[in-house]
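Worksheet: the structure to be examined is printed underneath.
We did not get these values from a lab; they are worked out from the coordinates using the rules stated. Bear in mind that the values here come from a model prediction, so they are computed numbers and not experimental data. Please note: Cβ atoms are built from the backbone with ideal geometry, for glycine as well, and neighbour counts cover all protein chains shown.
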Protein chains: 2
Amino acid sequence: MEEPRQRARPGRTPAPAGRTSRPRQAEVARLAGVSQATVSLVLGARKQGATISEETRQKVLDAVRTLGYVPDPAASRLAAARNNLLGVFSFTSTFPTDVQHSYYPFLVGVEQEAAARGYDLVLFTGSSTGGAGAAGPHALNRVRLADGCLFLGRHAPADELRRLVADGFPVVHLGRRDELEGLAWVGADYISAGQEVVAHLAALGHRRIVLVREDDEAPASTDREHGFLKGLEEAGLPGGPAAVFRSADPERDLTAERLRGWLDDGVTAFVAEETDTGDAWRALHGTAHFVGIDAPRDASLALLGSPPPDLADGPSPTGFDVPRPQLGAAAVRMLAALVSGEKTREPLVACTFRPGSTAGPPPVRP
Amino acid sequence: MEEPRQRARPGRTPAPAGRTSRPRQAEVARLAGVSQATVSLVLGARKQGATISEETRQKVLDAVRTLGYVPDPAASRLAAARNNLLGVFSFTSTFPTDVQHSYYPFLVGVEQEAAARGYDLVLFTGSSTGGAGAAGPHALNRVRLADGCLFLGRHAPADELRRLVADGFPVVHLGRRDELEGLAWVGADYISAGQEVVAHLAALGHRRIVLVREDDEAPASTDREHGFLKGLEEAGLPGGPAAVFRSADPERDLTAERLRGWLDDGVTAFVAEETDTGDAWRALHGTAHFVGIDAPRDASLALLGSPPPDLADGPSPTGFDVPRPQLGAAAVRMLAALVSGEKTREPLVACTFRPGSTAGPPPVRP
DNA sequence: GCGTATTACTAATGCGCATTAACGAGTACT
DNA sequence: AGTACTCGTTAATGCGCATTAGTAATACGC
């Protein structure tokens, strides 16, 4: 019988012997005098199955400590396990030059909650300015290295997100996102918060309230309006289109005449939504000041959110605050739940009512 | 001849057939009628070596499109023996509740540069309670999961850092750190910057200049003093201990009497170092104001750094700015160089002179 | 004394991809 | 015809880890 000719052995070149590379489980095993499998068993917090003697366990752990062994995340994941890494993906850079527009407040909570649960964070930056990093059609794919990924901002391409979700990869979107079937998300409960603000005003005695908002279809915006209208309804106050003033440019359209007109019509309280720019509140605040309204004496003002930084020094507006760190933390909790296969939990985080100083009882009409 | 008994084949259970998993290169290969290796060659942007016919390339790309294949990053990185991950370690949390005390400005540059080079960032928090790797005495080992690691702040324990460096793990420290042999670092060139400020004052005509600094041995502090003294020397001005006022609590010790004494002695310009707290500048600024000095009319003031946030609204002090984003970027460049085995580069980043409005010609003495 | 548990560990295997030696086919040159 | 190349492709291999069948050793039951 002719022995089949021994083929040469292709494959990768062995690592250069010169530099000491990071230790592997094999080295740990050698040092501990056990097999690589045993090392894996000791390190993996197996819930059942193999048992390891305390003696062996200690030998292994000692070797791990001595060598400073740390598992390779890529290998862990490839072997169908996890690597205790959570991704944070933002299409725009996570650290924009301007802190104001950053996700910083959310990340505070994200980092804390992740650390508390034993996860480290991987920052995946989408198309950054330089963008040499092949921001191809599959840029989102890198996140698969982690056990799951958190998405900030609504810029993540829907089809790629859908793909991740369809593949069963744990994904959580920070901010409501219903249009994407199956996408888990956490968001602030703007509806309840808006409702609460209206309830507060109604309790003070206001009977005619107007909402000033921008021309925007984002959930954060429409939810606030829903909450506002719901609040009116529950208080038995007049709602309908007349209660909402919507404009693409409030600072231009919210004129003094218009404001005076409302006042003459018996409107005693005004509510503005919080926007990226803060324009709605700025317009309301500015025009009211211009007209000579002294809040809350002549009329009450409220803001569905926090004031923009440039107005932060003024009197604290009545309204609510979005608990951004808590939102980040909630997102991490949900992501962790998905990673471990648990059911998803309540996606809404309550906002906190801020009494402020711009709302009071309506003026007594002569 | 007895055939060796056929061992059973242990290993992992095959994936549940139920769910259609994502396509692999093998499936693409089958559809395209080529081998898996060919698929890998087509997809990988090989710089040299194998050549692929245009026909085959198209067949493969078509199959990729048909199946919607996307590479598994875990597998890619495992096979390529690098994770494309850079660690960022800060002993305090990376996102402190107070933005002011954060490394945010550095991270802006770190993120940009890392993204431009195709790296993702892993955030390690030293103080984190759980922190996956139980913040024991070997908490730093956790960073070995990345290809290299950037250290922010000087809280990282020296012995552990030393260990990483000794093991050939690529490490870069943000901020000068000479005492640790072999540690790569990048830092701001405080010496040149301090020198430049003094040169500016000297050029304006000042002949007696005093530096106010805290009682601190941090390189950022001593470097500023060196630069200051070097500047004096180059301008042929009197240096020595008399030119430097050092105090652990400048706000208490920098009294009005002392300041008046200097003025009487012919000192016409004062320089403060920038500190974490901004106390040196605050003391100098405050006492000068108290004494009735109007800068730059009665005397010139300069600051070796940027003013603290609470004084940011006042007149812009003459001095220099530390280009924090650029420092972060430079640190990433150096780290990337270390990871790919290149030589390290220039560790110093130049500060930018800020003319400001607190320095001018010395007053004409009667 | 022999079957059956139980315990403690190891060998073997594959995850999906990158890498490379080897090979067949074609071309060009002695 | 033999040699020397170039081109295009593939088989084989391993990256580092998790998983599981198997085994050896000891303990237990009757």
Computed FRET efficiency, Cβ-Cβ of A:Asp264 and A:Thr352, R0 45 Å: what is it to the nearest 0.05? 0.80
GNM on chain A, Cα springs under 10 Å; top mean-square fluctuation among A:Glu217, A:Glu160, A:Glu274 goes to A:Glu217
For B:Asp298, inter-copy label-point distances (7 Å, Cα→Cβ), nm, shortest first, read 4.4
Can you pull out the trypsin sites (Lys or Arg not before Pro) in the range A:23-62 whose DSSP state is coil and whose Cβ has at most 16 other Cβ atoms within 10 Å? A:Arg24, A:Arg46, A:Lys47
With the Cα gyration tensor of chain A in hand, give its eigenvalues times 5 under a square root as the equivalent ellipsoid semi-axes, listed largest first in whole angstrom. 57, 21, 18
Note to self: C-alpha centroids of the range A:194-230 and the range B:255-288 sit apart, in Å, by 54
Calculated from backbone phi, Karplus (6.51, -1.76, 1.60) coupling profile of the range B:343-355 in Hz, x at Gly/Pro: 6, 6, 10, 3, x, 9, 10, 6, 8, 9, 5, 10, x
Karplus couplings for the range A:196-208 from phi (6.51 cos²θ - 1.76 cosθ + 1.60, θ = phi - 60°), rounded to Hz, Gly and Pro as x? 5, 5, 5, 4, 4, 5, 4, 5, 6, x, 6, 10, 10
With Rg and the Kirkwood Rh both taken from Cα atoms, where does Rg over Rh land for the range A:190-321? 0.92
From the label point of A:Leu61, set 7 Å along Cα to the beta carbon, how far off in nm is each other copy's matching point, shortest first? 5.5
Return the long-range amide H neighbours of B:Arg354 (sequence gap of 5 or more, or a different chain), with a cut-off of under 5 Å between placed amide H atoms. B:Gly319, B:Phe320, B:Asp321
Could you tell me which of rounded, prolate or oblate describes the range A:25-70, using a ≥ b ≥ c as the square roots of the eigenvalues of the alpha-carbon gyration tensor, with rounded for a/c under 1.5 and, failing that, prolate when a/b is larger than b/c and oblate otherwise? prolate
Subtract the Cα-Cα distance of B:Glu233 and B:Ser53 from 0.36 nm times their separation in residues, and report this length gain in nm to one decimal. 57.9 nm
Packing rank of B:207-216, B:253-262, where each peptide gets the mean count of other beta carbons within 10 Å, highest leading: B:207-216, B:253-262
Calculate, in nm to one decimal, what B:Ala312 and B:Ala248 gain on full extension: separation in residues at 0.36 nm each, minus their alpha carbon distance. 20.7 nm
Semi-axes of the equivalent ellipsoid of the protein assembly as shown: what are they in whole Å, largest first, if each equals the square root of 5 times a C-alpha gyration tensor eigenvalue? 52, 43, 23
Over all alpha-carbon pairs in the range B:276-348, figure out the percentage whose distance exceeds 22 Å. 43
Between the range A:318-366 and the range B:165-189, what's the alpha-carbon centroid distance in Å? 43
Considering only the label points, 7 Å along Cα→Cβ from Cα, what distances in nm to one decimal separate A:Asp167 from the same position in each other copy, shortest first? 3.0
Karplus 3J(HN,Hα) series, Hz, for the range A:120-126 with 6.51 cos²θ - 1.76 cosθ + 1.60 (x for Gly, Pro): 9, 10, 10, 8, 9, 9, x
List the GluC sites (Glu not before Pro) within the range B:165-196 that fall in a DSSP loop (any state other than H, G, I, E or B) and whose Cβ has at most 16 other Cβ atoms within 10 Å. B:Glu179, B:Glu181
Amide H proximity to A:Phe245 below 5 Å, modelled H, separation 5+ or other chain, gives A:Leu211, A:Val212, A:Arg213
Residues whose built amide H sits under 5 Å from the amide H of A:His173, excluding neighbours closer than 5 in sequence, are A:Phe151, A:Ala184, A:Trp185, A:Val186
Exactly which trypsin sites (Lys or Arg not before Pro) in the range B:293-357 are in a DSSP loop and have at most 14 other Cβ atoms within 10 Å? B:Arg297, B:Lys343, B:Arg345
Running a GNM on chain B with Cα contacts under 10 Å, which residue among B:Gly187, B:Gly153, B:Gly68 ends up with the highest mean-square fluctuation? B:Gly68
The protein assembly as shown, helix-only ellipticity at 222 nm - DSSP H runs n ≥ 4, -39,500 (n - 2.57), divided by all residues, nearest 500: -11000 deg cm²/dmol
